[in-house]
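Student: Input: one structure, supplied below.
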Amino acid sequence: ANQENWDEAQECFETVLKFDKRNSRVLQAYALMETKRPDGDSREAIGLFERALKANPRDGGVFQAYALYVAKLGDIESARGLLRRGTEIDKRHAPLWQAWGVLETRHGTASDAREVFQQGIWACAQSSGGQSGGRRCARLWQAWGVLEAQE
């Protein structure tokens, strides 16, 4: 159910952060709440994403969520930078590669998107065995297929 108890949610996040200031997952969830809040402040959300990356600079999920948010704000270059950094840090994080490829599909060129999807599949396949990357890369293949169907 969509309760939208923003103040209560904020209080919950603040409470857990008193005890665990460096929990990147909590900071990410708090940032995402700020992005959805009708009176949310983009600077607050960005500050929380930055705190999450400082707490755990290897958290691919934070890179992905942060990049998707700044892309939504219209800062495509910053989103690309975050996705690039995330994939450099965690080469096998398929959702990062997928988000980057989709970003290029929407805001770049088809050839850039293909290159991102291919790089992601190669990176994921290293840990999954086989050239296709198996289940780990399924979403990359799916997103690439959607791109080709639209071309």
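Student: Only one of (1) aliphatic (A, V, I, L, M); (2) within 25 Å of Gly134 (Cβ to Cβ); (3) modelled with pLDDT under 95 is not met by Leu83, so which one is it?
Tutor: Looking at each condition in turn, Leu83 falls short on (3).
Results for (1) of a type in the set (S, T, N, Q); (2) within 24 Å of Gly120 (Cβ to Cβ), shown as yes or no for each residue.
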site: Asn23; (1), (2): yes, no
site: Leu27; (1), (2): no, no
site: Tyr30; (1), (2): no, no
site: Ser42; (1), (2): yes, no
site: Ala45; (1), (2): no, no
site: Gly60; (1), (2): no, yes
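Student: Would you mind telling me which numbered condition in (1) open to solvent by 10 Å² or more (accessible area, probe 1.4 Å); (2) in contact (Cβ under 8 Å) with a residue 40 or more places away in the chain; (3) within 17 Å of the chain's Cα centre (by Cα) Ala110 fails?
Tutor: Against the list (1) open to solvent by 10 Å² or more (accessible area, probe 1.4 Å); (2) in contact (Cβ under 8 Å) with a residue 40 or more places away in the chain; (3) within 17 Å of the chain's Cα centre (by Cα), Ala110 comes up short only on (3).
Student: Can I ask one more? Taking the residues in region 36-46 that are open to solvent by 30 Å² or more (accessible area, probe 1.4 Å) and part of a helix (DSSP H, G or I) as candidates, determine which candidate is modelled with the highest pLDDT.
Tutor: Restricting to residues being open to solvent by 30 Å² or more (accessible area, probe 1.4 Å) and part of a helix (DSSP H, G or I), the top hit is Ile46.
Student: Could you list, in sequence order, all residues of region 48-71 that are loosely packed, with under 15 Cβ neighbours inside 10 Å and either under 24 Å from Val102 (Cβ atoms) or not charged (D, E, K, R) (or both)?
Tutor: Those that are loosely packed, with under 15 Cβ neighbours inside 10 Å and either under 24 Å from Val102 (Cβ atoms) or not charged (D, E, K, R) (or both): Glu50, Pro57, Arg58.
Student: Take the residues of region 17-42 that are among the charged types (D, E, K, R) and more than 13 Å from Glu4 (Cα to Cα): which is farthest from the chain's Cα centre (by Cα)? Steps first, please.
Tutor: Here is the first cut: in region 17-42, the residues among the charged types (D, E, K, R) are 18, 20-22, 25, 34, 36-37, 39, 41.
Narrowing the set further to residues that are more than 13 Å from Glu4 (Cα to Cα) leaves 18, 20-22, 25, 41.
On the way: Lys18: 25, Asp20: 22, Lys21: 21, Arg22: 19, Arg25: 12, Asp41: 19 Å.
This residue is Lys18.
Student: Moving to a separate point now. Which residue pairs have Cβ atoms closer than 7 Å, lie 6 or more positions apart in sequence or on different chains, and pair a first residue in region 20-31 that is outside any loop (DSSP other than H, G, I, E, B) with a second residue that is among the charged types (D, E, K, R)?
Tutor: As it stands, the answer is Ser24/Asp59; Val26/Asp20; Leu27/Arg51, since those pairs meet every condition given.
The values are calculated or read from the model by the stated rules, or taken from the named source; none is laboratory data. The model shown is predicted, which means the values in this text are computed figures rather than measured ones. Every residue, glycine among them, receives a Cβ derived from its backbone with ideal geometry; neighbour counts consider all protein chains shown. Please note that ligands, DNA and RNA were not included when accessible areas were found on the heavy atoms of the full protein model with its side chains. Shrake-Rupley method; radii C 1.70, N 1.55, O 1.52, S 1.80 Å.
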